[in-house]
Amino acid sequence: MSISHTRTQRLTLIAILSALSFGLMLFPQLPLIPGADFLKLDFSIVPVLIAGYWLDLTAALWTVILRTLLKLILANEGVNTYLGLPVNLWAIVIFALILFWVMPQFDAKKIGCALLAVGAATVGLTLAGVVMNWLIAVPLYAKFAHFDIAKMIGLGQYFIAMVIPFNIAQGLIWGIVSFAVLSILQPMQRQILS
């Protein structure tokens, strides 16, 4: 197989996974926390993790960047997109980086390693969610969207009742669903990449 064929195949797979990730940003979107409908779970991370485990970390990063650009161009919701999308982007990147660091190669038989990776990535996601909301999302939403959660319910209540439980649930669901999909697709991986 020639180098140009391999490069074309790689770029094609990244493009397909980016488009799938973009689609999964839009549907389904599931609110997990009652009273916090603005915190929605999507499954756009699954194609990102497929790119990372099938190709490499660079492919995963390109997949998440391209799906983010597609969202900005094709499904922009104004201030909500401009403020929420960077937080979502960093959440996915942090979760994926920790997951790839703890479990660099996916193996469906290594359940203990997978659980450790998902647990560590979920903790990182949750900490990042608190920091990003505290420093970026809450002040910017208050300033540009006139949605001041600190005045409405208080920051402590927001973090304890919404941000922390949402990110824990999101991380666990992302990990379980992604590893289930990777396990199902593992027999096809060699055929797709050959």
Assuming W174 fulfils every condition listed in (1) open to solvent by 40 Å² or more (accessible area, probe 1.4 Å); (2) within 23 Å of P31 (Cβ to Cβ) apart from one, which condition is it? (1)
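Here's the yes/no breakdown for (1) over 20 Å from M162 (Cα atoms); (2) open to solvent by 60 Å² or more (accessible area, probe 1.4 Å); (3) in a strand (DSSP E or B); (4) not acidic (D, E):
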site: T6; (1), (2), (3), (4): yes, yes, no, yes
site: T12; (1), (2), (3), (4): yes, yes, no, yes
site: A15; (1), (2), (3), (4): yes, no, no, yes
site: L24; (1), (2), (3), (4): yes, no, no, yes
site: G35; (1), (2), (3), (4): no, yes, no, yes
site: F43; (1), (2), (3), (4): no, no, no, yes
site: V46; (1), (2), (3), (4): yes, no, no, yes
site: L49; (1), (2), (3), (4): yes, no, no, yes
Given the conditions (1) under 17 Å from S183 (Cβ atoms); (2) open to solvent by 60 Å² or more (accessible area, probe 1.4 Å); (3) at pLDDT below 90, and given that K151 satisfies all but one, which numbered condition is not satisfied? (1)
So which residues in the range 135-146 are open to solvent by less than 70 Å² (accessible area, probe 1.4 Å) and farther than 12 Å from Y82 by Cα, if there are any at all? V138, P139, A142
Neighbours by Cβ (under 8 Å, 6+ apart or cross-chain): first from the range 7-20, over 16 Å from D56 (Cβ atoms) and in contact (Cβ under 8 Å) with a residue 60 or more places away in the chain; second among the hydroxyl-bearing types (S, T, Y) and open to solvent by 20 Å² or more (accessible area, probe 1.4 Å): none
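The values are calculated or read from the model by the stated rules, or taken from the named source; none is laboratory data. Small disclaimer: the values here were computed from a predicted structure and weren't measured. Heads up, the Cβs are rebuilt from the backbone with ideal geometry, glycines too, and the neighbour counts pull from every protein chain shown. When the accessible area is computed, the model is the full protein with side chains, heavy atoms only, and any ligands, DNA or RNA have been set aside. Shrake-Rupley method; radii C 1.70, N 1.55, O 1.52, S 1.80 Å.
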